[in-house]
Amino acid sequence: MRPRSVTPPPLRSGLVTVLALVAMCGPSQGATQFSSGQSSFGQTSLGQTSSAQGYQQLLELFEQWRAFERPEMLNGAPDYTAAAMAKKHKGLRSLQAKLEAIDPVGWPVDQQVDHALVKAEMNGMDFNIRVLRSWARDPGFYRSIWTAQSDTPAHEGPEHHASVELWQYSFPLSAEAQQKLARELETVPPLLKQARTNLVGNAAELWEGGIGDLRTQQSDLSSLRSQIGASAPELELAIDSALTATEAFVGWLEEQAPKKSGPSGIGRDNYTWYLKNVHLRAFSWEQEEALLRRELARAHSSLRLEEHRNRNLPELVAIADVAEYEQRAKAAVKKYIGFLGDNEVLEIRDYMEPALMAQIGQFTPEENRNFFSTAIHFEPMTLWTHFYHWWDLARIEQDPHASPIRRGPLLYNIFDGRAEGLSTAVEEMMMHAGLYDDNPRAREVQWILLAQRAARGLGSLYVHSGDMTMKEARDFHVRWTPRGWMNPELDLLGFEQLLYLRQPGYGTSYITGKVEIEQLMTEMSEQLDDEFSLSHFFGQVDAAGVIPVSLLRWQLTGRGDKE
C-alpha cells in the first residue's frame, strides 16, 4: 500500500494535548474493564469472599495452557505448518471457554489479576494466529541463534520455540555442554526446511528484514565454528549442518524477495485490538499517536530550555579513551546506587550494584558509537537509570513471584509496558529527583533520550498504519532525534524499526508505559497522602511482578475500571 504521506507529518499541538489528556485520564471505547475487589490498600471489596477452589482451577488451567502453547514437533523441529496452526486455533477455543467458565468475581484482586493475565496470553495466541502470523510472513521468525541476553524477561518480539541461547554457555564447553548444544543445533536444518513451505506471506519489508537476521545467524555460526575448533566432532557436525542449512535458506530468501510486494504493518484496527486485549493498554492507535507527539514536543522544548539555562556552563565532554571509560562507568554506577540509597528512593538490594557493573560495556571509538553509546560516553548515568531492567531480571531469578502465573516471563511480550515503561520513567524521575544537580548538562542528554524514543515510536505507528514505509519511518526517527545522534548508517536504526514492526506496540511502550507509571504514582500518592514515599512506590511495583501497568494499577490502587 502506498503511504498517504511521504513527508514527516507536522507536529501538532492543540489537538495533541487534548487527545493525550483523554488517553491519560479516561478510558477509550472498548478498553479492557476490570471488576472491583480488595486492593493492597485494604479498600472494601464489592465481591464475595475468595474461592480457593476457583483459583486452584485457574492454576491448573494455566499449566495446561502453557503446555498447549508449545508446538508439537515435526521431523525434529517445532511444527508451524498451516495444519498445525489451524489445529492450535481450534484447541485454543476450548481453553478459552474453560477460562471463561472460571468466574473470578469476589476473588482477592491479585488473583483476579492472574485471571486477566491468562486471558491476555490466550488472546495473544489468537491474535498471532489470526493476524500476525510470523511463521508465515516473517523469515526472521526462524532465526535460532541468540548470542546475547535480552534485558527484558524474554526476547523482544516473536521467536520460535527452539531458540539456541549461546549466551547461556560458558566457553570452553564441558563435554555435557557440547552434547546439549549439539542437540539444540540439530533443530536448525529441519526448521529451515519447514520454513520454505510455511512462508507464504507477502510482507515485503518483513521479508527484507528477515534476510538480514538469517545472515546474522550465518555469521554467528561461523564464529562459533571457529571458536570450537576440532575438539568436539559431534558439535562440529551440528554446527556445520546448521550453517549449511542457514546459507541455503538465505539464498532461497533472496530468490523469493523480488516477488514480495505487500504491506508488513497490521493496520490501525488490529493494532488497537492488540493493545487493549493482549497488552491491556487502554489506548487506541490514535491515542498512542497523540501521546507520543506530545512527549516528542515536550522533549524538544525541554531540551531547548535546558540548553538556555546551561548556556554559561562548560559543554559536556565525551569520554576519550579506554581508561577513562572504565573509571567513569564504574564511578557512575556507585554514584547512582549511593544516590538511591542516601535519598531513600529505593531499598538497596545486594544484587543491584553487581547487576549494573555487569552491563557497563566498553569504550567505543566515536565513529562507531550508536545512539545509546553516544549518550553513555557523555554521561553514563543517563543509561544506568534505564537499566532498571537488570534489577527486574535479578529479582525474578533470586526472588521468584509467589504466583506461578507471574513467576516467569509473560508470553507475547505482554510485559513491555511495565518493563520498558518503568525503565524509561525512572530516567526522567531520577533527573527530577536531583541525580544531576551537580552536573546540569546531563539533563540535556536525558531529554535527547526521551525525544529519540518518542520519534522511533511514532515511526513504528506510521508503518503499522501504512502511512510510512520503513525507510520513511527511519528517516523520521533520524530527523526528530536531536543533535544528529541517531546515525542512519549504523545497525541500531534498522534493528529498532524492524523489531517494532514485528512486535506491535513495543516501539510505543517506552512512552505509553512511562505515562501509565506516572499516572500510577499520581494515584498512589493521592491515596496515601503523607504516607506516600518513593521507596514504597517502587517496592510495591516490584513486588507485583513485571505485568501490564493497568493490572498494577488495579492491584495497587483498587481502581480497575480505568476511571
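Each value in this text was obtained by applying a stated rule to the coordinates, not by laboratory testing. The structure displayed is predicted, hence computed values, not measured ones. Heads up, the Cβs are rebuilt from the backbone with ideal geometry, glycines too, and the neighbour counts pull from every protein chain shown.
With respect to the cross-link table entries Lys87/Lys276; Lys119/Lys259; Lys90/Lys193; Lys87/Lys260; Lys88/Lys180, which display a Cα-Cα separation exceeding 32 Å?
The pairs that break the limit, which is 32 Å between Cα atoms, are Lys119/Lys259.
Please arrange Tyr462, Tyr412 by how many other C-beta atoms lie within 10 Å of their C-beta, fewest to most.
With the sparsest Cβ surroundings first, the list reads Tyr462, Tyr412.
Which residue, Met470, Ala355, Phe537, has the largest displacement toward the positive end of the dipole of region 268-557 when charges sit on each Cβ (Lys, Arg +1; Asp, Glu -1)?
Met470
Using Cα-Cα distances under 8 Å and only pairs 6 or more residues apart, what relative contact order does the chain have, in percent?
The value is 22 percent.
In which sequence would Phe127, Phe283, Phe415, Phe68 go, from the one with the fewest C-beta neighbours within 10 Å to the one with the most?
Phe68, Phe127, Phe415, Phe283
Using the number of other C-beta atoms within 10 angstrom as an exposure proxy, rank Thr512, Thr197, Thr481 with the fewest first.
Thr197, Thr481, Thr512
From the mean inverse distance of alpha carbon pairs (Kirkwood) and the Cα radius of gyration, derive Rg over Rh for region 75-199.
Value, to two decimals: 1.06.
Along its principal axes, what span do the Cα atoms of the chain show, with the longest given first and each in whole Å?
Computed over the Cα atoms, the extents are 64, 63, 53 Å.
Is there a quick way to get the dipole size of the chain? I mean about its Cα centre, with the Cβ of Lys and Arg at +1 and of Asp and Glu at -1; what is the value in debye to the nearest 20?
My answer is approximately 1780 debye.
Largest first and in whole Å, what are the equivalent-ellipsoid semi-axes of region 268-557 based on the Cα gyration tensor, each being the root of 5 times an eigenvalue?
27, 26, 18
Let's see if you can work this out: charge +1 on each Lys and Arg Cβ, -1 on each Asp and Glu Cβ, no other charges. What is the dipole magnitude of region 268-557 about its Cα centre, in debye to the nearest 20?
It comes to approximately 680 debye.
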